[in-house]
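These notes are about the structure you will find just below.
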Amino acid sequence: QTIFMLKEIFVQSYYPQVKEAGIKYGINPVVLLAQIAIETGWGESVLCKEHFNFGGLTGFGKPSEFWPGTKVQLCEKGLTYRSYPDARSGILDMARLLRSSYASACNVSNVPAAYAQEIAYSRYISEVNGDNRDNYKQLLVKLSATMSKLIALQFPE
């Protein structure tokens, strides 16, 4: 498979749920899909493939409308992550958490650079985990532009 093919399949697979989540929680689906692509390696991570966890969401907090409380540990002594029954649940829960914890970013999500700035310099990014805020911001802006093109090709309005 070519990388482009992988990206097309990723968009086909997740854009409908991301669009629903974006409408429900007032987040631009383009930036949300770009963020999910970063977090999951274009849908290739174990958390994404096996547990429908699109943002590396840890298993803390109370169960919600979209998360039944199921948890998974990928390695001994590793973090506990949320495990979802399907992609829609995982995406909607991620959007719900972004809206409730990062409202200032969600409020400017129609401007990808502004959203990227807000997210990259929030507690969402952890330098303790080796994250680089500036790299994350630049990648999110770049992938948002890529997503716009891929979405337009596959889901013409």
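The values are calculated or read from the model by the stated rules, or taken from the named source; none is laboratory data. A quick note: this is a predicted structure, and the numbers were derived from the prediction, not measured. Ideal geometry is used to build each Cβ from the backbone, glycine not excepted, and the neighbour counts take in all protein chains shown. These accessible areas exclude ligands, DNA and RNA; they are computed on the full protein's heavy atoms, side chains included. Shrake-Rupley method; radii C 1.70, N 1.55, O 1.52, S 1.80 Å.
Tabulated data for the structure shown
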item	result
Helices (runs of 4 or more DSSP H) lying entirely in segment 29-115 (those with 3 or more residues that are over 26 Å from Lys149 (Cα atoms))	46-51, 87-101
Pick from segment 48-75, criterion at pLDDT 95 or above and open to solvent by less than 40 Å² (accessible area, probe 1.4 Å), ranking: nearest to Ile27 (Cα to Cα)	Phe54
Yes/no for Ile91 being free of Cβ contacts under 8 Å to residues at least 24 places away in the same chain and closer than 29 Å to Leu153 by Cβ	no
Exclusive hit being more than 17 Å from Ile125 (Cβ to Cβ) and free of Cβ contacts under 8 Å to residues at least 60 places away in the same chain, set Leu74, Leu79	Leu74
Pick from segment 76-130, criterion among the β-branched types (Val, Ile, Thr) and closer than 14 Å to Gly26 by Cα, ranking: least open to solvent (accessible area, probe 1.4 Å)	Ile91
Residue within segment 116-136 that is under 20 Å from Glu44 (Cβ atoms), out of contact with any strand residue (DSSP E or B) (no Cβ under 7 Å at 6 or more places or on another chain), touching a residue at least 40 places away in the same chain (Cβ under 8 Å) and part of a helix (DSSP H, G or I) present	yes
Contacts under 6 angstrom Cβ, first residue in segment 56-70 being of a type in the set (Val, Ile, Thr), partner part of a loop (DSSP other than H, G, I, E, B) and at pLDDT below 95, 6 or more apart	Thr58/Leu79
